[in-house]
Amino acid sequence: MTQLIGSYSMGLILSLLAVGVLISFRILAFRDLTVEGSITLGGAVAAAMLVSGWNPWLATFVAFLAGGCAGAVTGVLATKLKINGLLAGILVMTALYSVNLRVMGRSNLPLMNEKSLMTFAQHLGTAEQPTASGGTWTIGRWVIRTADLRVIGFLTVVIGSVGAVMYAFFQTNLGLAMRATGDNEQMICALGVEVGWMQTFGLAISNGLVALSGALLVQYQGYADVQMGMGMVVWGMASVIIGESLVGSRQIGMLLIGSVMGSVLFRLLVANALRQGLNPNDLKLATALFVLIALVGPSAVDAASKKFRTAVKT
């Protein structure tokens with residue numbers, strides 16, 4: 001049960017990554033690889049500030065701003081310097097590896113003894129320091145730590161708040177212009193909107209959310225590592241694709257909900273595969289297969305259903 005709770009919490013945290021990828025990949029139609037560097041940047045900035053004694057809320061906010069700056073750099077390279085978007089993302093991602101090492105001072109930074117948002121969440125509703133067990137709840141034959149339930153509740157509120165803010169933003173004129181930029185650049189340019197600025201702003205928001213995910217991730221797992229961003233682009237895309245299959249709609253609100261659902265489901269699938277005996281060395285291979293199934297599965301099901309309906313009619 002502990003593994004299930006942990007996987008669910010990780011899925012919630014990484015849903016911010018999925019929302020960030022949704023903005024760049026689906027809304028802006030920009031193939032952004034900055035994600036693998038910006039999620040580590042968010043974790044590195046938050047970890048370094050926490051070790052230095054900064055307030056966890058401030059450290060998390062600064063991590064969000066740092067990720068936004070990384071996304072803005074990618075946008076400037078792609079729109080102002082006319083570098084291919086994919087290459088611009090690769091350049092920034094590569095540069096961020098050294099930046100992250102500089103921020104942390106070493107390749108791995110432990111946070112086990114530092115105050116973080118997760119320790120704050122574990123204290124919610126109590127005036128005392130949590131015990132080793134933190135109190136427990138018994139549901140059937142499952143025993144769940146109260147501290148874990150508090151963390152899940154805290155993460156749910158955070159993710160829900162971010163999702164609500166993003167939904168409200170995409171209903172504004174600026175948000176609608178950003179959505180239109182990804183759909184039809186020529187039309188939005190004819191309406192007087194600066195496409196390059198809009199893409200840069202969108203990438204800043206996208207990578208800011210990704211860095212926010214990284215900041216929460218390091219506070220949850222208790223350490224920051226310079227390699228933590230490897231494969232996160234695939235993770236985000238898989239979550240978005242799975243979420244689209246679950247909700248079956250392209251409305252922005254449903255896409256945001258689907259991204260969260262896809263992230264949680266994807267994490268639970270990975271955890272179940274590990275629980276069934278999957279070698280951790282094969283985890284990246286399994287992740288790629290999950291993405292392949294998510295990409296091919298819906299179209300294969302639609303094709304099979306069409307053939308079935310045709311056969312029934314004839």
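Just so you know, in the range 76-112 the residues that are in a loop (DSSP other than H, G, I, E, B) and touching a residue at least 24 places away in the same chain (Cβ under 8 Å) include one that is surrounded by the fewest Cβ atoms within 10 Å (Cβ to Cβ), and it is Met112.
Taking the range 166-223 as the range and being part of a helix (DSSP H, G or I) and charged (D, E, K, R) as the test, the residues that pass are Arg179, Asp183, Glu185. None of Val51, Val62, Val73 is among the aliphatic types (A, V, I, L, M) and either surrounded by 23 or more Cβ atoms within 10 Å (Cβ to Cβ) or touching a residue at least 60 places away in the same chain (Cβ under 8 Å) (or both) except Val51. Check the range 252-265 and report whether any residue there is assigned to a helix (DSSP H, G or I) and over 17 Å from Ile23 (Cα atoms). Looking through the range 252-265, at least one residue is assigned to a helix (DSSP H, G or I) and over 17 Å from Ile23 (Cα atoms).
Does the range 276-292 contain any residue that is over 21 Å from Arg179 (Cβ atoms), part of a helix (DSSP H, G or I), in contact with a Leu (Cβ under 9 Å, 6 or more places away or on another chain) and of a type in the set (Lys, Arg)? No, there is no match, as no residue in the range 276-292 is over 21 Å from Arg179 (Cβ atoms), part of a helix (DSSP H, G or I), in contact with a Leu (Cβ under 9 Å, 6 or more places away or on another chain) and of a type in the set (Lys, Arg). Kindly check whether there is at least one residue in the range 170-182 that is closer than 19 Å to Leu86 by Cα, within 23 Å of the chain's Cα centre (by Cα) and at pLDDT below 95. Yes, because at least one residue in the range 170-182 is closer than 19 Å to Leu86 by Cα, within 23 Å of the chain's Cα centre (by Cα) and at pLDDT below 95.
The values are calculated or read from the model by the stated rules, or taken from the named source; none is laboratory data. The shown structure was predicted, so the numbers you read here are calculated from the model rather than taken from an experiment. Neighbour counts run over all protein chains shown; Cβ positions are idealised from the backbone, glycine included.
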